[in-house]
Amino acid sequence: MPVARRSTSAPRRAVNPVTIAKIPAKFISYSHTAFAYCAFILALIAGCYTHYYKIVENEYFGYPDEWFPSVSATTGDRYPARAIFQIFIALTSGPRFALVLLWYFYTTRSSQTSSPGFGKFLLVVGLIRTLSCGGWTYITSTDDHLAHDIAMVVYLLCTLPWQLGTLYTTPGKYPAARKWRRIFTCAFFGSLPPMIYYFIQHKVHRIPGAYTTYAFFEWSLILYDVAFDAVTAIDFQNFEFNIIDHSGTDASASVPALGATMAGRSQELISPAALHVLDLARGFLTETYLAYVSWSMLTSLALLIWYFPLWHMGLSGFEAFLFITQAPMILGIAPLRRLMAKYRGVFHLISLMGVASYLKQDPVWRLSLTAIGLGISMATWCATWFENRQSSASLERSVLTWGLGLLLHSLVKMAWYTENPIWPIMHKENGGVNAIGIALGVLASIDVLFRDLSSSSSEKPKQPKQSQLKGSWLSAAAGFGALFFALHSIFTDSCTVMRWSVGGYPSYGPEPVPWGAFTITVLALGLGLSSNQRLVLSVPWYALGCAGCAVFYVFSGWPAYFGGLALGMVLMSVTPALVRAMAAHGAFKTLATTYLVYNVLCLAHVWTVAYAFVPGGPLLRERTHWVLAAMMLLIGAGLLNARKQFVQEKKEPKISTQFHVFKDTRYMTRLSLIAIVAMSILVAFKRTVTRLTPVPYTTSEKSFTAGIWTIHFALDDDMWASEVRMRDAIRDLELDVVGLLESDTERIIMGNRDWAQFIAEDLGYYIDYGPSTMKHTWGCLMLSKFPIVKSTHHLLPSPVGELACAIHATLDVYGQEVDFIVSHNGQEEDPLDRKLQTTELARIMRESPNPFVFLGYVVTKPQQQPLYYILFDDGHINDIDPTDWDRWCQYIGYRGLRRVGYARVSHGRITDTEIQTGKFQIVDNPQEFWKASYDRLPESSIPPALRYPQMFYGEGVRGHRYHVFNEPRYFEH
C-alpha cells in the first residue's frame, strides 16, 4: 500500500520584482543621433585636417578643381578618419538595433498599423538595413569594392521601405513627428536624382568639379537619413526601459505596499529628478554655447571690417557691414519672427557659416560670411525673446543663457590669451580650433531643434497671456541698445577694463592674470543678482553704475579698475530687465531703434581715436567722456521705463505654471555661474604657474638687444592674427627689449584683445602696455627682459592730427639704470604735430641723466631738417647708423652704451614694416660713450655671444631675413 511522504524541502516563497533603473526611451534616439553625426562630422574634420588634398582627389581631378571630399573618401580611405568613423559607427549600432526593435513594439500597439504582419516586415527591413550599414562601413571600397557596393545598394534599397513604412505607421497623436518625417523623406529621395546626375557628369563626361557637387548631395543624404531616425525622440518620449530584478524581496515580509514602492524607487540608478536636472543642464549648456558663438561672431565683425580701412588708410566702403546688426528689425514680419523662434535650432545651424568663414582665404569672403552668420544669429535670439514675451519665465531663461554666453566668451578668450579660437582670424597655425567650434555648434543646434520639437509636440497647457505692459518703446529700445554697446565695448574680454585705465609703473594697476578671473567673477555676480528686480531697478543701484563709470574714466590703475567692475556688475544685473522691457513693444520699430543706437555709439566710440580718417571726426576727437555719458543716460532711460513695467507687473496676478520654470532657470544659472567662475580661476592658476621668469637672452657679456617694430594691430597681410609669428621672430632675434607700435587693440574695431599677453608669458617678458585705451592713441607697448623700475606714459603735443604716444621707462639692466623711450609720432600730413612731438621727445631724453635708448617712429628721412636733427642733436643721442639712408619712419638712437651691432629684418608679411634692432653693452663709464664713432668691424672680430643669429642670413626663416644690408653691421666705439 503506497504511503505518502512529507516533503522535506522548504516551501517556495513568493517574491516581488524590484525595479533597479528606469531609462527613458528617447535617450536611445538621442544617443543614435549623436553617435551617427559624430561619426561622419568628426571623420570629415579629421580627414580634412590630415589628408585634405588626398581625400578631395579622385581618379580624374584634384584640388582646386575638386575641393570637397565624398563620404567614402572621407570615411574609408585613410587613418585617422577611418578609425574615428568606425569607432563611432560601432557605438551607433547598439542604439540602432534598439531603435528598430522599439519601433516594432511601438507601432504594433498602435491602431495606425495595418497589421502585425506589416510590423514584422518593417522589423526585418530595419535589421537588414542596419546590418548592411555595417557591411559598407567596415568593408571599404579599398578592401573589397564589390562587397562594399553590394552592402551600399542593399542599404539604399532598404531605406525606401523603411522610411515609407515608418511614415505610414507613425501614430497620429504626434503630428510634428509625421510632418518632419515627410520633410526628411522628400529631402532624401529628392536629393538622389541630382546626385546621380552629377556622378554621371563626373564618371562619364569627366567634368571638373562635378564630383565635388556630387559629394555635397551625398553628404546631404547622410544628414537627412540620420535626421529621419532622430524624429523617434518625439514618438518615444512616453516610452521607457525598466531594469527589473526578479529575485526581488520576500513577499512574506510584512512590508507595506507604499514602503515597498518607495524602497524600489530609492534603488533606481537614475531618478526622475536627476533626469530632469540632466535635461535642464543639457539645455543650458547647448543654448549657452550658441550664445557664445553669437558673441564670437559679433566681436569678430568689427575686427574684420577694421582690416580694410587699415590697409586703405581711410574709409574703404566695407564699414557698411557694421549695419548687419540691424538685421533683427526684419522680425517686424510676424510670420518670419514666429518661424525663426519655432525653428531656432535650424537658424542657429545656418548662422554657423560665420564661424566656418575661416575656411576662405580671401578676407572679403571671410567678412561677408561672418556678417551674414551674425545677422542670422542676432535675429534668431531676438525672435526668441519677442515670441517668449508672454512667458516671463521662458524669456528670462533665454536672456540668462545669452548673458552666460558673454561670460563664456570672456572665459574662453582668457584661456586663449584674449584671442577667440573660433574667430575668422584664427586657424590651426595660430591657435584656432575653428573646426571643433563648428562641430559643437552643429550638435548644440540639433539639440535645441529637437528639444523645441519635443516641447511643442507634448501636451502641455499653454501659458496664459499677460496683459500688454505699458511704457515707452523708444526708451526701451535706446536703453538696451546702449547696454548692448557697453557690454560689447568694455566687457567682452576680462582685461579690457584694465587696459582702458592702465597707468605707468609702479602704479601700473592689475595684471590680466590673475585679475581677469576676478573680473569674470564680478560680472557673474551681477548676472546672478538680476533676479532681484527690486534691487537692480532701484535708483541707488543705477547711481552705483554711474559712479563706477565716472571713477573708471577719471582715474587710472586700481581705482579705475574697481570703478569699471562696479559698472560691469550693474550692467550685467539689468540685462534681463532691459530685454524684457524691449520685447514688450512692436518688433520692427523697437529693434530698428535698438541697433541703430548701438551702431551710432560704436561709430562714436571709434571716432574718438580715428577722427583723422573719417568725415566729421574732429567733433568727437578725444571725447570718450561724451560717449560714456550718452551711454549711461540712455541706459538710465531704459531702466526708468523698465521700472514702470515692473511696478505694473507686481499688480497683476501671478501665473503659477511659471513658478517651476523660474525656479529651474535660476537654479541652473547659479550652477553655470559657479562653473564659469571656477574655470576662470583654473585658467588663471594655469597661466600663472606656467609663465616664464624674464631672463635676458645673453648675460655673459652684459649685453642686450633692443628692437622697434610697427605691428599693425597684430593682423597680418592676409587678415590672420599674427602674435604667434611675432613671438617666433622676437624669440629668434633674441630681443631683450622691444617696442611695438600700433599696438592698442582694446577697442571694438580691434576685437578687444590683448595679444601681447601671449608673447610676454610664453617668452618671459615684463610688459608695459603704454598709454591706456582711453588716452585715444593707436598705442605703443614695451616688452622687457629687465625689471621696469618706473615708467611714464606721455601724450605728445598733437594740435592738428592724430594723438601721438610715448613710453618713457627706466629699466634695471644688469644693475645699471637705463632709460628707454618707445614712441609713435604723427603722420606726414601734419608737420606741426611732428615738430612739436619730436621736440618733446628730445626734451625728455636731454633731461635724463641715465644711459638712453630711443626706439621710435618719426616720419622723416635720415639727415632731413628739421626733425632728424631735433631728435638726435637736441636729444643728446646718437643715431645707431647715420649711413643707413633707406629709413623713413623707424629710428634707433642711444647714448652712454657701447653699440655692438645693427640689423634690419624683413617683416615676413606680418605687417608692412620691418624690424629694426640694435645690440648694446653696459659700460662702467657711460660718460665716455656719450658720443659715438662709426668705425665698422667684421663679424669675425665680434665675440660669438654678441653676434646676431645666423638663421636670418640668405633666405632667412619664415619670411624674415636680413635685408637692405643683407647682413648685420658691427661697430667699434
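In a helix (DSSP H, G or I) and surrounded by fewer than 24 Cβ atoms within 10 Å (Cβ to Cβ): does that describe F552? Answer is no for this residue. Which of the residues that make up region 376-414 are charged (D, E, K, R) and either in a helix (DSSP H, G or I) or within 19 Å of the chain's Cα centre (by Cα) (or both)? Of everything in region 376-414, those that are charged (D, E, K, R) and either in a helix (DSSP H, G or I) or within 19 Å of the chain's Cα centre (by Cα) (or both) turn out to be E387, E396, R397, K413.
Taking every residue in region 422-441 that is under 16 Å from H409 (Cα atoms) and in the same structural domain as N752 (by TED's automatic domain parsing) and pairing it with any residue that is of a type in the set (A, V, I, L, M) and surrounded by fewer than 22 Cβ atoms within 10 Å (Cβ to Cβ), at least 6 positions away or on another chain, yields no pair with a Cβ-Cβ distance below 6 Å.
In region 19-26, the condition of being more than 34 Å from the chain's Cα centre (by Cα), basic (K, R), under 27 Å from G119 (Cβ atoms) and modelled with pLDDT under 80 is met by at least one residue. Checked against (1) within 29 Å of G432 (Cβ to Cβ); (2) in a helix (DSSP H, G or I), T418 passes all but condition (2).
Do we find a residue being of a type in the set (D, E), in contact (Cβ under 8 Å) with a residue 40 or more places away in the chain and assigned to a loop (DSSP other than H, G, I, E, B) anywhere in region 832-847? Talk me through it step by step, then tell me what you get.
Taking region 832-847 and keeping what is of a type in the set (D, E), we get 833, 840, 847.
Going one step further and asking which of them are in contact (Cβ under 8 Å) with a residue 40 or more places away in the chain, we end up with 840.
Then keep just the ones that are assigned to a loop (DSSP other than H, G, I, E, B); that gives none.
No - not one qualifying residue is present in region 832-847.
Yes/no per residue for (1) assigned to a helix (DSSP H, G or I); (2) at pLDDT 80 or above; (3) not assigned by TED's automatic domain parsing to the domain that holds G165; (4) not aliphatic (A, V, I, L, M):
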{"position": "S191", "(1), (2), (3), (4)": "yes, yes, no, yes"}
{"position": "P194", "(1), (2), (3), (4)": "yes, yes, no, yes"}
{"position": "Y198", "(1), (2), (3), (4)": "yes, yes, no, yes"}
{"position": "R206", "(1), (2), (3), (4)": "no, yes, no, yes"}
{"position": "F216", "(1), (2), (3), (4)": "yes, yes, no, yes"}
{"position": "I222", "(1), (2), (3), (4)": "yes, yes, no, no"}
{"position": "G248", "(1), (2), (3), (4)": "no, no, yes, yes"}
{"position": "A253", "(1), (2), (3), (4)": "no, no, yes, no"}
{"position": "H276", "(1), (2), (3), (4)": "yes, no, yes, yes"}
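Residues checked against (1) at pLDDT 95 or above; (2) on the phi > 0 side of the Ramachandran plot; (3) in contact with an Asp or Glu (Cβ under 9 Å, 6 or more places away or on another chain); (4) in the same structural domain as I877 (by TED's automatic domain parsing):
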{"site": "Y814", "(1), (2), (3), (4)": "yes, yes, no, yes"}
{"site": "N825", "(1), (2), (3), (4)": "no, no, yes, yes"}
{"site": "D830", "(1), (2), (3), (4)": "no, no, yes, yes"}
{"site": "E840", "(1), (2), (3), (4)": "yes, no, no, yes"}
{"site": "M845", "(1), (2), (3), (4)": "yes, no, yes, yes"}
{"site": "V853", "(1), (2), (3), (4)": "yes, no, yes, yes"}
{"site": "V859", "(1), (2), (3), (4)": "no, no, yes, yes"}
{"site": "P862", "(1), (2), (3), (4)": "no, no, yes, yes"}
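Return the only residue of L571, L523, L527, L567 being touching a Pro at 6+ places or on another chain (Cβ under 9 Å), modelled with pLDDT of 95 or more, buried (at least 20 other Cβ atoms within 10 Å of the Cβ) and in a helix (DSSP H, G or I). Before you say what the answer is, go through the steps one by one.
Numbers: L571 fails: touching a Pro at 6+ places or on another chain (Cβ under 9 Å); L523 fails: touching a Pro at 6+ places or on another chain (Cβ under 9 Å); L567 fails: touching a Pro at 6+ places or on another chain (Cβ under 9 Å).
On inspection, the qualifying residue turns out to be L527.
Checked against the criterion of being of a type outside the set (S, T, N, Q) and within 23 Å of D886 (Cα to Cα), the candidates D830, D819 yield just one match: D830.
Restricting region 665-697 to residues that are aliphatic (A, V, I, L, M) and part of a loop (DSSP other than H, G, I, E, B) leaves a set whose member that is modelled with the highest pLDDT is V695.
Going through (1) surrounded by 15 or more Cβ atoms within 10 Å (Cβ to Cβ); (2) modelled with pLDDT under 95 one by one, D912 falls short only on (1).
Taking the options L331, L374, L352, name whichever one is in contact with a Phe, Trp or Tyr (Cβ under 7 Å, 6 or more places away or on another chain) and farther than 17 Å from D452 by Cβ. Of L331, L374, L352, the one residue that is in contact with a Phe, Trp or Tyr (Cβ under 7 Å, 6 or more places away or on another chain) and farther than 17 Å from D452 by Cβ is L331.
For region 111-135, the tally of residues that are surrounded by 14 or more Cβ atoms within 10 Å (Cβ to Cβ), out of contact with any Ser or Thr (no Cβ under 7 Å at 6 or more places or on another chain) and modelled with pLDDT under 75 stands at 1. A count restricted to region 790-829 and to residues that are buried (at least 19 other Cβ atoms within 10 Å of the Cβ), over 36 Å from the mean Cα position of the chain (by Cα) and free of Cβ contacts under 8 Å to residues at least 40 places away in the same chain stands at 2. If you check Q921, Q950 for being in contact with a Lys or Arg (Cβ under 6 Å, 6 or more places away or on another chain) and either touching a residue at least 60 places away in the same chain (Cβ under 8 Å) or of a type in the set (S, T, N, Q) (or both), only one passes: Q921.
Among the residues making up region 868-898, a single one is in contact with a helix residue (DSSP H, G or I) (Cβ under 9 Å, 6 or more places away or on another chain), closer than 14 Å to V858 by Cα and among the acidic types (D, E): D879.
Results for (1) farther than 22 Å from F323 by Cα; (2) among the β-branched types (V, I, T); (3) assigned by TED's automatic domain parsing to the domain that holds M774, shown as yes or no for each residue.
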{"position": "V574", "(1), (2), (3)": "yes, yes, no"}
{"position": "A584", "(1), (2), (3)": "yes, no, no"}
{"position": "A592", "(1), (2), (3)": "no, no, no"}
{"position": "V597", "(1), (2), (3)": "no, yes, no"}
{"position": "P615", "(1), (2), (3)": "no, no, no"}
{"position": "P618", "(1), (2), (3)": "yes, no, no"}
{"position": "A629", "(1), (2), (3)": "yes, no, no"}
{"position": "L639", "(1), (2), (3)": "yes, no, no"}
{"position": "A642", "(1), (2), (3)": "yes, no, no"}
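Filtered by the rule that a residue be under 20 Å from A371 (Cβ atoms) and either of a type in the set (F, W, Y) or under 24 Å from the mean Cα position of the chain (by Cα) (or both), region 326-343 gives Q326, A327, P328, M340. Criterion applied to M668, M726, M679, M719 was being within 20 Å of the chain's Cα centre (by Cα) and either farther than 30 Å from N825 by Cβ or crowded, with 24+ Cβ neighbours inside 10 Å (or both), and the one residue passing it is M679.
The values are calculated or read from the model by the stated rules, or taken from the named source; none is laboratory data. The structure displayed is predicted, hence computed values, not measured ones. Neighbour counts are summed over all protein chains in view; Cβ atoms, including those assigned to glycine, are modelled from backbone coordinates with ideal geometry.
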